[in-house]
Amino acid sequence: MRKKSRREERANLSLRRLDKMAGIPLVLALSLLRRRRPLALARPKSIVVLCFGAIGDTLLATVLLNALSLHYPEARIHICASAANAGALPLLGPRHASAAFPIGNVAAIIRHLRNLKADILIDTTQWARVGALFSLLSGAKRTIGFDTPGQYRGFAYDHPVPHRNDRHETENFLALARVLAPSSAAEPSLHVPDTPPRHIDLNDFPQLDKIVYLHMFASGVSARLKEWPESHWRDLALACREAGFAVCFTGSPQDGPRVKKFLQEQVPAEFLHNGDVRSLAGLLSLPELAWLLRRGAGAVSVNTGILHLMALCGLPTVDLHGPTNPLRWGGVGPNTVSLLAPGKDTGYLNLGFEIPEDATPSLHRLTVEDVLYALRGLGLTAFSL
C-alpha cells in the first residue's frame, strides 16, 4: 500500500470523520474513568508537548516552548509530533527532544508517551479529539489542553484552557503556558541553521539579498479558497523582475508540478532560462529553506505554514487572506503586513473547516498593486507604484 503523504494526512476527510465519530465517545468514556487532579506544586522534570497540528501551528507553538523554557529551565521538554509536521521539528531547536509518528500509529504513540513518564503533558491540538485521547492514555501526572467550543474535548484534561477565536493563535498557545506560570511572556522563534543548503549551488544565487520569495499554494480542506489568481502571481513576479529582484517560488513536493506548469505557461522563457525566475518547490527541507529566507529581500504568501516560516525568519513578508482572518492567523514577525480581501464573505475561518456551502474564492479582490504597496511599506522601495 502506498504510504500517505503528509499533505494527504492533513486533508484526509475520512480521518476527520473517524476523529469526530469515534473520538468524542472514546474521550468522554475515558474521561469518566479519570479524576481531574490539581496542578502539582513541585517543579516538573519532564514536560511533554503534543504537536499534532499543521506545520504553521507547530512553528507558532514555539511561543509555548519558549515560555516553558524560561519558566522551567531545568526541565526536559519532549515534543511528540505527527508525520504531517515532522519537517518543522529541526527548527524548534536542539534543546528539545522530539519524535514524530504517522497519526494512525496509535500504539506506537501511546507507548512512546508512557515511556516518557511526563510530569506535565500539554496538548496543543485545537480541535481534533486524537490529541485529547493521547493525553488521557499518556500516563502523564498532569495534563493541560484546549477546551474548544463545539469540539467536546476539554473534559479530557486536568486543566482545560479556553480556545478563543478572538485572539491570535500565538496567544492561545501562550495561554497553555499560563496555567503553570500566569505571568508567562514569550515570542515565537526558530532555530535556523548556520550552514547553507547542500542541494543548492549558491553560485546560481549571487545576490541572496535581492531575491523575493513567492508561495502560491495552500493545503488542507480549504486550500482552493486560499489561493490568489495565477494571473496576479504572474504580474507580481514580472513586477519583481522590473524592480531588479530575482524571484523564487516555494512549495511542497506536491506543489512542484503545479509551480512548474505555472512557470512554463505564464512566465517569459528568457526569465526561466537565465534563472531570474525559478522554482524551489520540493527541493529543500524546511531548515534549508529557512537559511535562504533569512537572507532574502522579501516574500509574499497565501495563508499556509510557509507563511509563518517566512515571517518568523524575519523576512519582510506580505501574507494574503481571504477566508482566513489575519487577526487569528496573520504572520508573526518583526516585518509583516497582513492583507485581508475586502468583502463580508472573508475572514470566517477559525479552526480551518468552517466553510459555508456557498463559499467562493475571494482573494482575487486583492490586487497586485495592494501587494506592491505593502512591500514598499516594508522597505522594498525599488517597487514603483
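Scan the stretch 294-329 for residues that are in a loop (DSSP other than H, G, I, E, B) and in contact with a Phe, Trp or Tyr (Cβ under 8 Å, 6 or more places away or on another chain) and jot them down. Break it down stepwise before answering.
If we filter the stretch 294-329 for residues that are in a loop (DSSP other than H, G, I, E, B), which is where we start, we get 294-297, 303-304, 313-316, 322-323, 325.
Within the stretch 294-329, Gly296, Ala297, Asn303, Thr304, Leu315, Pro323, Asn325 meet the criteria.
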Within the stretch 191-222, track down each residue that is assigned to a helix (DSSP H, G or I) and modelled with pLDDT of 90 or more. Leu208, Asp209, Lys210
The condition from (1) crowded, with 19+ Cβ neighbours inside 10 Å; (2) part of a helix (DSSP H, G or I); (3) modelled with pLDDT of 95 or more that Asn115 misses is numbered (1)
Assess whether Ala29 counts as being in a helix (DSSP H, G or I), of a type outside the set (S, T, N, Q), out of contact with any helix residue (DSSP H, G or I) (no Cβ under 7 Å at 6 or more places or on another chain) and modelled with pLDDT of 90 or more. no
The condition of being in contact (Cβ under 8 Å) with a residue 60 or more places away in the chain and either buried (at least 23 other Cβ atoms within 10 Å of the Cβ) or β-branched (Val, Ile, Thr) (or both) holds, among His232, His308, only for His308
Identify the residue in the stretch 136-154 that is touching a Leu at 6+ places or on another chain (Cβ under 6 Å) and of a type in the set (S, T, N, Q) and, among all such residues, is surrounded by the most Cβ atoms within 10 Å (Cβ to Cβ). Thr143
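So which of Asp119, Asp166 is among the acidic types (Asp, Glu), touching a Ser or Thr at 6+ places or on another chain (Cβ under 8 Å) and farther than 30 Å from Thr250 by Cα?
Details: Asp166 fails: touching a Ser or Thr at 6+ places or on another chain (Cβ under 8 Å).
Of the residues listed, the single one that is among the acidic types (Asp, Glu), touching a Ser or Thr at 6+ places or on another chain (Cβ under 8 Å) and farther than 30 Å from Thr250 by Cα is Asp119.
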Criterion violated by Gly275 - all others in (1) outside any loop (DSSP other than H, G, I, E, B); (2) touching a strand residue (DSSP E or B) at 6+ places or on another chain (Cβ under 8 Å) satisfied: (1)
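Checking the conditions here, which among Leu174, Leu180, Leu133 is surrounded by 21 or more Cβ atoms within 10 Å (Cβ to Cβ) and either at pLDDT 95 or above or of a type in the set (Phe, Trp, Tyr) (or both)?
Working: Leu180 fails: either at pLDDT 95 or above or of a type in the set (Phe, Trp, Tyr) (or both); Leu133 fails: either at pLDDT 95 or above or of a type in the set (Phe, Trp, Tyr) (or both).
Checking each option against the conditions leaves just Leu174.
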Hey, among the residues in the stretch 92-112 that are under 14 Å from Ile47 (Cα atoms), not in a helix (DSSP H, G or I) and not hydrophobic (A, V, I, L, M, F, W, C), which one's modelled with the highest pLDDT? Ser98
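The values are calculated or read from the model by the stated rules, or taken from the named source; none is laboratory data. Every value quoted in this text rests on a predicted model; they were computed, and no experiment measured them. Positions of Cβ are generated from backbone atoms using ideal geometry, with glycine treated the same way; all protein chains shown enter the neighbour counts.
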